[in-house]
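S.K.: Following this message is one structure expressed as C-alpha cells.
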Amino acid sequence: MNIRLFQHIIPFLLSVTLHSGPILAQSTENDQWQLAIKHRVKDDGICIRWAVNTVEAWQAGVQYGFIIERTLINSTSSNTKNNEKLLLTPTPLKPKPEQEWQSAAMNNDMAAVAAQAIYGDTFSVNNQEEESRFMQVINMASEREQRFGFSLYAMDRDFSTAQLAGFGFVDKDIEAGATYLYHIKLASPTQDDSQKLEYGFVAHTDEIEELPKPRDFVVYYYNDAFLLIWEYDSYLPYYNSYDIERSENGQDFTKINKVPITKLASTDVSGISYTDSIPVYDKKFWYRIKGHSYFNDVGPVSDTMSVTAYKQLLVAPEITQKDIISDKEVKLRWSFAKDEAWKVTNFDLLRADDAIGPYTTVQSNLSQNAREAYYNKLTESNYFRVRAKGIAGDVQDSSPVLIQPIDSIPPAQPRGLKGTVDTLGIVKISWEPNTELDLKGYDVFRSNTKNQEFTRLNKNQITGQSYTDTINIKSFNKEVLYRIQAVDNRYNASIPSDTLVMKRPNRAAPLSPLFSDYRIAQDSVHLHWLPSTSENIQKQMLFRSFIDQPENWEKIFETETNNLSTFIDLNIEADTKYAYTLIAVNEFGIESNPSPPLGLVTGKELTRESIKGIYAQVNRELHLIDISWRGDLTNVSELRLYRKTETSPFRLYETLAPDSKKYTDTRLQVGTSYGYAIQAIFNDGTISTWEEIMVTY
C-alpha cells in the first residue's frame, strides 16, 4: 500500500502511543485464543462487533475470515418457523480488498490506521524526523504486535472501519418481535483453529436500549488548568471514547479534543480525566461530554458544568498555632491551601495593637514555602495577621489572632442558652458564640434543683456552641438546670450564663379525659367531656368506631389545647351504633389510656318534625323564666330541655315527661342571657327537629 496516503495519520498515532500508554495488553503465543463480541439492537438492524485477544488469532481472522449463522428462536410471524437456521455470510467475512480502502482512508483516520496495519508493507515513513520518533514506538514491541494493536484500536473507535476489516457486521433482515441466536466462528480450514474462536449470543429485536447519559462529570480549576473528571469503567458496555465540548456562553459548544478521549490501559480507578489549558482568566467556561459507542452512535450529553480560573488568590492564610515563649517572644504557625499555593510569591507578618488595626509589617518577604515566624517584641496586647502576596499582585490576609503574654481579663458572659429534652432523657443545649479572639472554649454545668450546687460536666473545654447530656428520667425532681461559662486561653472564666431550667420528662401516662354529656341533634352528635387533669397536656384526640367493629378506631378530631371540651360529629349515618373514646397526649408525646367508650345509637330517621315552636316568658318579680312549647307529641318517650349561656354551649338541663307543655326555670342570675332548646325523643329512637330561643333575664 502507498504509505504516503497515510502520512497524515502518523502524528495521531504518535500522540496515542507515546502519551496514552499501551493500546492493548498483548497476549503471549501460548495464550488461548478468545473471541469477544458486542452487539446493539437498532430499529433498522442488529449491529455486531467482535475482537480477538492474540496476534495469532487476529492474523487468522484476517486470513480466513469469519462465518455468521443465525437461528430463529421465537417469532410472532406466521411466515417463519422457529429453529430455522440462516447463513448470513455465504462467503467468510474478511478485510475488504485494498482498493476499497482508498477513499475511506482519505476521509477517515481510523480506516487509514486499520488499512496500514493490515496491508502496509512497513510502519516506517519517508520523513526522517517522523520516522525517528516512530521507531521509538516500534522498538517497544514487534511490528506484528503493533499492527494488531493499532487495528483493534481503530476498529473500536469506528464501526465502519470494523466492517471494512471483517470484524463487524449489520444484520438488517430482521423481524419485529423476533428472538435470534447468532453463532460466530473463525472460517479456518483446520478444525482445531475453528474451535478456538467460536461464540454465540441471543438478541431480541424489541429490546432497543437507549444509550445512557454520562454521570459523575465534574470540572475543577486546579494547578493553573481545568481538570475534567468523569466515570468511565461503568459505561464501558456502552461507550469506548468521549468528546469534550466547551462553551463561552453556556449555549454554543465546540469540541476541543482532536483525538477521542479514552483509556488505553487498565487503571486502579474507574474514572478518567482530561486537562484543558485555560483560554482566558477571570472568565466562566462551560463543559460537557458525549460518549461514542462501539457502533458509531453518539449518546446524550452530560450535565453542563461551569468553571472560572482566577490568577488572584482565592483563599487566605490561617494562623493555626501560637506558642508564647516568654513575655516578649512568640512563634506563630499558619497553613495555606495546597491547590492555591502555586500563586503565592511570599508572605508578610503584620502586627497591631487593636484587632481593626492599623497593622504594621514586622517581617516581610518570607519564603513562599514558609509556614512559621518568630517575633520577640511583644507588648501587653498584640494582634497578628499573616499576609499572602500573589503572582497577580493581589494579597490575602488571615484573620487576626490575639497574643497576650499577661491576661487577667475574662470573657464576656455567654448568652442565648437554650435546649430541649426528649422522653429518653437526652438533653441538647446550645448557645450564642462569644467573640473573644483568645477564647479557649466553654464549660457546662448541671444541677437538679435551684438550691443545689452546679456540677461541671465536661472534662475539656468545648470549642463549639452545643452540648448533649443524658439525665435520669426516674428522678423525683421535676426540673433540671444548666448554665455555662466561657474560658480564655489563660483559663480566665466568665461569669456563668443565665440558668436554663427545663422540665424533666415524665414517663407516666397522663390521666384520660372523660365524657360528661352528649346529645343526638339534627344530622349530628354533640359530645362534651372533661379534659385530662394531668399537667403539660399538649393535645387531645377523639376516636370513633362502629360498636360491632371495636378494633377499627378512626381518629375524627384532634385538639391543640387541653381547654377545648366539645365536638360536633356531623359525619354520621341513620340507625347506626357508634362508640367514641378520648386520648390525651402530653408534651413528651406520651399518651393516656383511652377513656371509657361512649356508646350511642342514631335514630332510624335522624330527625322528625314534632316541636312547632318554643316560647319564653321572663318574670323578674318572681325570679323565674317560663318556657313553653307546642307540637305533635304522639309516640314520644321523653322530652329533653337544653340550656346555654353566652359563655357555655348547650348542655342537657332537664329530662321531662312526654306530655309536658311547660317548664319553669328558677336557677337564674340577673343580667345573664340564656338559650333554651327543646327536643323530643320518640319510642323508635328517632328525634325531633331542634327548636331554640334566646332570652335575657
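S.K.: Using +1 on the beta carbon of Lys and Arg, -1 on that of Asp and Glu, and nothing else charged, what's the dipole of the chain about the Cα centre, debye to 20? Present the calculation step by step, with values, prior to reporting the outcome.
M.R.: Working: 72 positive and 91 negative charges, 366 e Å.
Taking the Cα centre of the chain as origin, the dipole is about 1760 debye.
S.K.: Additional query: Please compute the per residue accessible area over the chain with all protein chains in place, 1.4 Å probe, rounded to a whole number of Å². Please list the in-between numbers first.
M.R.: Details: 36480 Å² over 697 residues.
In whole numbers, the chain has 52 Å² accessible per residue.
S.K.: Hey, of (1) 1.23; (2) 1.12; (3) 0.99, which did the structure itself give for Rg/Rh (Cα atoms, Kirkwood Rh) when calculated?
M.R.: (1)
S.K.: Give LYS255/LYS311; LYS474/LYS555; LYS283/LYS311; LYS263/LYS290; LYS290/LYS343 a once-over and call out the pairs whose C-alpha atoms are over 22 Å from each other. Don't skip to the answer; put the middle values down first.
M.R.: Numbers: LYS255/LYS311 25 Å; LYS474/LYS555 32 Å; LYS283/LYS311 11 Å; LYS263/LYS290 15 Å; LYS290/LYS343 33 Å.
Exceeds cut-off: LYS255/LYS311; LYS474/LYS555; LYS290/LYS343.
S.K.: Is the shape of region 587-664 rounded, prolate or oblate, going by the alpha carbon gyration tensor and its root eigenvalues a ≥ b ≥ c, with a/c under 1.5 for rounded and a/b larger than b/c for prolate? Show your work: numbers first, answer last.
M.R.: Numbers: a/c = 3.11, a/b = 1.48, b/c = 2.10.
It is oblate, given that a/c is not under 1.5 and a/b is not larger than b/c.
S.K.: For region 621-680, what is the relative contact order in percent, using Cα pairs closer than 8 Å and at least 6 residues apart in sequence?
M.R.: On the way: 92 pairs, mean separation 27.7, N = 60.
Answer for region 621-680 is 46 percent.
S.K.: How much solvent-accessible surface does THR320 expose, in Å² to the nearest 10, with a 1.4 Å probe and all protein chains in place?
M.R.: We get 90 Å² for THR320.
S.K.: As I understand it, the dipole of the chain uses +1 on the Cβ of Lys and Arg and -1 on the Cβ of Asp and Glu, about the Cα centre. Which of ILE687, PRO214, THR559 lies farthest toward its positive end?
M.R.: Most positive-ward Cα: THR559.
S.K.: Let me ask something else. Calculate how steeply helix 143-157 sits against the longest principal axis of the alpha-carbon atoms of the chain, using the helix alpha-carbon long axis, and give the answer as 0 to 90 degrees to the nearest 10.
M.R.: 40
S.K.: How much solvent-accessible surface does SER326 expose, in Å² to the nearest 10, with a 1.4 Å probe and all protein chains in place?
M.R.: 40
S.K.: Next up: Which of the lysines could a cross-linker span from LYS94 if the Cα-Cα distance has to be under 27 Å and same-chain partners fewer than 8 positions apart are dropped?
M.R.: LYS38, LYS42, LYS85, LYS172, LYS185, LYS196
S.K.: Further question on the same structure: Would you calculate a helix-derived [θ] at 222 nm for the chain, using -39,500 (n - 2.57) for each DSSP H run of n ≥ 4 and dividing by the full residue count, to the nearest 500?
M.R.: On the way: 8 runs with 76 residues, N = 697.
Using -39500 (n - 2.57) per qualifying helix, the result is -3000 deg cm²/dmol.
S.K.: While we're here: With 21 Å as the limit, write out which pairs from LYS503/LYS539; LYS96/LYS258; LYS612/LYS661; LYS428/LYS503 have Cα-Cα distances beyond it, or answer none.
M.R.: Values: LYS503/LYS539 18 Å; LYS96/LYS258 28 Å; LYS612/LYS661 12 Å; LYS428/LYS503 13 Å.
Beyond 21 Å: LYS96/LYS258.
S.K.: Counting only protein chains, not ligands or nucleic acids, how are MET155, MET305 ordered by accessible area (probe 1.4 Å), most first? Walk me through the numbers on the way to the answer.
M.R.: Values: MET155 0, MET305 60 Å².
Most to least solvent-accessible, the answer reads MET305, MET155.
S.K.: I've got another one for you. If you roll a 1.4 Å probe over the chain with all protein chains in place, what percent of the accessible area is carbon or sulfur? Before the final figure, lay out the partial values.
M.R.: On the way: 16850 of 36480 Å².
Heavy-atom surface of the chain belonging to carbon and sulfur, 1.4 Å probe: 46 percent.
S.K.: Going from most exposed to least, what order do ILE48, ILE73 have by accessible area with a 1.4 Å probe?
M.R.: Numbers: ILE48 0, ILE73 70 Å².
Putting ILE48, ILE73 in descending order of accessible area: ILE73, ILE48.
S.K.: If packing is taken as the mean number of other Cβ atoms within 10 Å per residue, what is the order of 254-264, 478-488, highest first? It would help to have the intermediate numbers written out before the result.
M.R.: Values: 254-264: 14.3, 478-488: 20.4.
Averaged packing, sorted descending, gives the order 478-488, 254-264.
S.K.: Note down the accessible area of HIS204, probe 1.4 Å, to the nearest 10 Å².
M.R.: The accessible area of HIS204 comes to roughly 70 Å².
S.K.: For LYS478, go through the aspartates and glutamates and keep the ones whose alpha-carbon is under 13 Å away, minus same-chain ones fewer than eight residues off.
M.R.: GLU535
The values are calculated or read from the model by the stated rules, or taken from the named source; none is laboratory data. Remember, it's a predicted structure, so these values are computed and weren't measured experimentally. In this analysis, Cβ positions are derived from the backbone assuming ideal geometry, glycine residues included, and neighbour counts consider all displayed protein chains. Ligands, DNA and RNA are excluded from the accessible area calculation, which covers all protein heavy atoms including side chains. Shrake-Rupley method; radii C 1.70, N 1.55, O 1.52, S 1.80 Å.
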